[in-house]
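Notes follow once the structure below has been shown.
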Amino acid sequence: MGSFFAAASVVSIASGSLAERFGGEIIMRICAVVAALSLLGIAIIAHTYLTMLILLVVAGVATGANQPAVNLFVIDAVRPSRRGFALGVKQAAIPVSTLLAGLAVPLVALTIGWHWAYGFAAVMAIIVAAAIPPGKSRGISKSAQHAEIARPKIAIAPIAALTVAMAFGAGAANALGAFLVENAVHAHWSPGNAGLLAALGSAAGLISRLVGGYMADRRGGRHLPVIAAMMGLGAVGYASFAMGVPWLILPATIVCYGAGWGWNGVFNFAVIVNHPGAEGRATGTTQAGAYIGSVVGPLAFGYVVDHASFAAAWSMTSVAALFAAAGMLYGRHLLMKNRGKSDASVIIAG
């Protein structure tokens with residue numbers, strides 16, 4: 001899985017530029033086909049660790065290229081007053097996909113075989129590729145030189161700060177997803193109830209992303225402070241896990257999924273509104289931070305659990321969430337600091 005997210009992080013930065021040149025829907029269609037091929041490959045030829053590793057890298061490439069393309073597609077397809085909610089719907093796909101993958105285990109993998117689960121997913125990806133509607137083309141009819149001149153550049157310092165903050169926030173959240181069930185069992189929950197707990201957390205994350213996007217459309221600004229506040233609440237939830245009290249696990253799960261990992265749709269919206277004309281490159285860069293966090297967060301959490309305790313690992317995660325919140329505020333500070341200093345080639349916003 002680390003190879004999957006590592007491949008996604010490398011591709012994500014470059015793919016945003018490609019989506020801006022050729023249109024999000026074109027990159028989306030290519031990514032859906034590549035995803036289908038990787039899923040089909042896992043279903044048919046994944047008989048060794050090396051083969052599985054290679055196919056996961058291919059799948060990671062598709063995922064990394066797809067995220068900024070979808071963001072760009074949403075911008076072109078949805079009117080400005082509804083973009084926050086649309087991005088919330090897009091980010092809600094993550095907990096929904098996790099839920100579907102979980103349901104695939106008893107319904108498909110344990111009945112007709114796990115290979116069929118990947119085969120059915122490949123068919124779904126092909127259907128998605130065929131269903132993607134044509135969108136607004138970007139730069140296809142221009143010469144390469146003119147397109148390069150016309151595309152605004154990104155202010156590096158703010159986007160770098162936000163990317164680092166995204167890495168810490170995503171690292172904390174993905175550690176939650178990886179170890180929530182094991183932690184609950186360690187705290188003497190039954191495995192069945194621990195599984196239901198994970199489903200409840202996914203539902204909380206789904207609702208939070210939808211509501212967060214809806215509210216972002218009506219707030220009109222200050223999205224990054226809201227994200228920082230959500231991360232701060234998530235840090236409180238992680239600290240509650242560290243206390244080791246069994247009855248605190250349920251409310252902590254809701255807080256961590258709802259607030260600690262319900263902010264990424266609003267985050268993409270904030271990056272997009274602050275980088276008009278460079279949305280693909282901006283979100284592609286910040287998404288790379290999310291993928292890096294997805295690799296490092298669970299690995300670091302597991303290492304601390306092995307060498308110390310769950311309490312120490314959750315405490316570390318809480319600190320990471322606080323660091324992410326501070327990074328969001330610092331990134332906003334840099335955006336505000338650079339306001340008014342931009343020229344025609346640099347994107348700055350408050």
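Scanning for something modelled with pLDDT of 85 or more, surrounded by 14 or more Cβ atoms within 10 Å (Cβ to Cβ) and in a helix (DSSP H, G or I), does segment 136-150 turn up at least one residue? No, segment 136-150 has no match at all.
Condition check for residue 47 on (1) surrounded by fewer than 24 Cβ atoms within 10 Å (Cβ to Cβ); (2) assigned to a helix (DSSP H, G or I): one failure, at (2). Among the residues making up segment 207-227, a single one is outside any helix (DSSP H, G or I) and of a type in the set (Lys, Arg): 222. Test residue 62 against the criterion of being in contact with a helix residue (DSSP H, G or I) (Cβ under 8 Å, 6 or more places away or on another chain) and touching a residue at least 40 places away in the same chain (Cβ under 8 Å), and give yes or no. Here the answer is no, as residue 62 does not meet what is asked. Looking at this structure, is residue 192 modelled with pLDDT of 95 or more and either part of a helix (DSSP H, G or I) or crowded, with 16+ Cβ neighbours inside 10 Å (or both)? No: the conditions fail for residue 192. Going through 281, 219 one at a time, which residue ends up being basic (Lys, Arg) and under 17 Å from residue 88 (Cα atoms)? Being basic (Lys, Arg) and under 17 Å from residue 88 (Cα atoms) holds for just one of 281, 219, which is 219.
The values are calculated or read from the model by the stated rules, or taken from the named source; none is laboratory data. Since the model is a prediction, treat every value here as computed from it, not as a measurement. Using ideal geometry, Cβ is built from the backbone for each residue, glycine included, and neighbour counts are taken over all protein chains shown.
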